[in-house]
Amino acid sequence: MVTFLTIPIIASGLGPEKYGIYNFVLSFGMYSFLLANWGFLAKGIREVASNQSVNTVDDIVSTRLALWLIGTIIGTGIGFLIWKNSEISYLIILAQLSNLGTVFIVDFYFLGRKNTFIPGLLRFISQLLFLMLIYIFFMNDNSLLTLFIILIFIRLFEGLLFFGIFKLRSNTRTVPNIKFKKSLLILWSNFHLGLGSKMGLITLSLPLILIPFYFSEAILGIYSVAHKLFLLVITVFSVFSVVLAPQIIEYLKFDKNQQIKMYRKTLWAAGLVALLIGVAFYLIGVRVIELLFEPIFQQAINYIPFFALLIPVWAIYIVTTSFINNLGLDNNYSKISVFHFIISVVLIVITLKILDPRYTILALGLSTLIATIQLHKRVINFINIKHG
């Protein structure tokens, strides 16, 4: 809810063009953070749920720290190579600095122990502080520089809050350190899981990166308003899949019929809820944009029906990947995710060339549906083969 309140404030303060640049730079920063976020959430939940080890947390944080540094150096170099000595190049550096705080967010430790309260509380605190800082500082000058400085501070605050509470609860005194060789080995051991999870994230952000090359930053800014609202809704299913993870690991102890029954019930429940949410998004989304956003952003209404259609498809995809992750089918996950990405790139580029950005959402929906069917088959086959 707090995040929802910041979207119209930031969008209205920046205007379509700068809001488009803001989301483009954030997406670029996310790409440079891919190595440091290479499936470690799923890996951490899986390992903590299995053995309750605190060593897992220290290994992951140290690995993230080293990989964040590598990704930041590479991302900065690419930024200056493409955009030279421009504002975007310097904003990319700030976006990458904001990722440093994310290194220390050890939510997987709490989620692996089935503790959803602490991660939820800490995120609420950081989002509330973000909203306050936006009101106090950003609304005075509506500057991209101010916005990114606030983002750097908030993410670092949230990360250190997570890590500090973990240290208190686990009663450990070790501190993260950069060991590039060990980090690269851990990255390699997590290759397939990371590739699968990151390809899904990259695929969803493809329009944010590609739209400016075919249209303009202003068009991207308008698209981003509807996209942000969509992401808020999808967060419900992302949180659900994370909470579901330890339960899936426990159900591996049961027989075939119980596992398949649980899997199908979960899919049906998620699908039904997603359909209802999709309808609500279609009905309410238009009113939200009309009431909360400036007239210059009203064209975002045109994207709402398309994102409403994508909601149930992406929700089922998220839940299915949760089962794939926790059944240990990392190799299958990575292959299908790469296939998903390639199909999405082709379809999105075609739609941008001959249609308009609205149809990139349908392209995402089609490619995601194909990928979800393949993932579903792998889950059923694995359970059947495992139990003969």
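Could you please find all residues in segment 193-204 being crowded, with 18+ Cβ neighbours inside 10 Å and either over 13 Å from the mean Cα position of the chain (by Cα) or farther than 15 Å from VAL346 by Cβ (or both)? Listed by number, the residues that qualify are LEU193, GLY194, LEU195, GLY196, SER197, LYS198, GLY200, LEU204. In this structure, is PHE307 touching a helix residue (DSSP H, G or I) at 6+ places or on another chain (Cβ under 7 Å), of a type in the set (Phe, Trp, Tyr) and at pLDDT 90 or above? Criteria met by PHE307. Is it the case that LEU91 is in contact (Cβ under 8 Å) with a residue 60 or more places away in the chain, surrounded by 21 or more Cβ atoms within 10 Å (Cβ to Cβ) and over 24 Å from PHE240 (Cα atoms)? So LEU91 fits the description; yes. Within segment 94-126, being more than 15 Å from GLY44 (Cα to Cα), surrounded by 14 or more Cβ atoms within 10 Å (Cβ to Cβ) and out of contact with any Asp or Glu (no Cβ under 9 Å at 6 or more places or on another chain) holds for LEU94, ALA95, GLN96, LEU97, SER98, ASN99, LEU100. Applying the set (1) buried (at least 20 other Cβ atoms within 10 Å of the Cβ); (2) under 22 Å from LEU201 (Cβ atoms) to ILE82 leaves exactly one unmet item: (1). The residues of segment 48-75 that are touching a residue at least 24 places away in the same chain (Cβ under 8 Å), surrounded by fewer than 19 Cβ atoms within 10 Å (Cβ to Cβ) and among the β-branched types (Val, Ile, Thr), listed by number, are VAL54, ILE70, ILE74. The test for being free of Cβ contacts under 8 Å to residues at least 24 places away in the same chain and within 25 Å of ARG46 (Cα to Cα) does not hold for GLY159. Within segment 97-118, residues that are within 14 Å of PRO176 (Cα to Cα) have Cβ atoms under 8 Å from residues that are surrounded by fewer than 21 Cβ atoms within 10 Å (Cβ to Cβ) and among the β-branched types (Val, Ile, Thr) in these pairs: LEU100/ILE152; GLY101/ILE152; GLY101/ILE154, counting only partners at least 6 apart in sequence or on another chain.
Condition (residue is at pLDDT 90 or above and in a loop (DSSP other than H, G, I, E, B)) applied to segment 93-101: is it met by at least one residue? Looking through segment 93-101, at least one residue is at pLDDT 90 or above and in a loop (DSSP other than H, G, I, E, B).
SER183 meets the stated requirement of being touching a Ser or Thr at 6+ places or on another chain (Cβ under 6 Å), in a helix (DSSP H, G or I), on the phi < 0 side of the Ramachandran plot and among the hydroxyl-bearing types (Ser, Thr, Tyr).
The values are calculated or read from the model by the stated rules, or taken from the named source; none is laboratory data. This is a predicted model, so every value here is computed, not measured. Note that we place each Cβ from the backbone using ideal geometry, even for glycine, and neighbour counts take in every protein chain shown.
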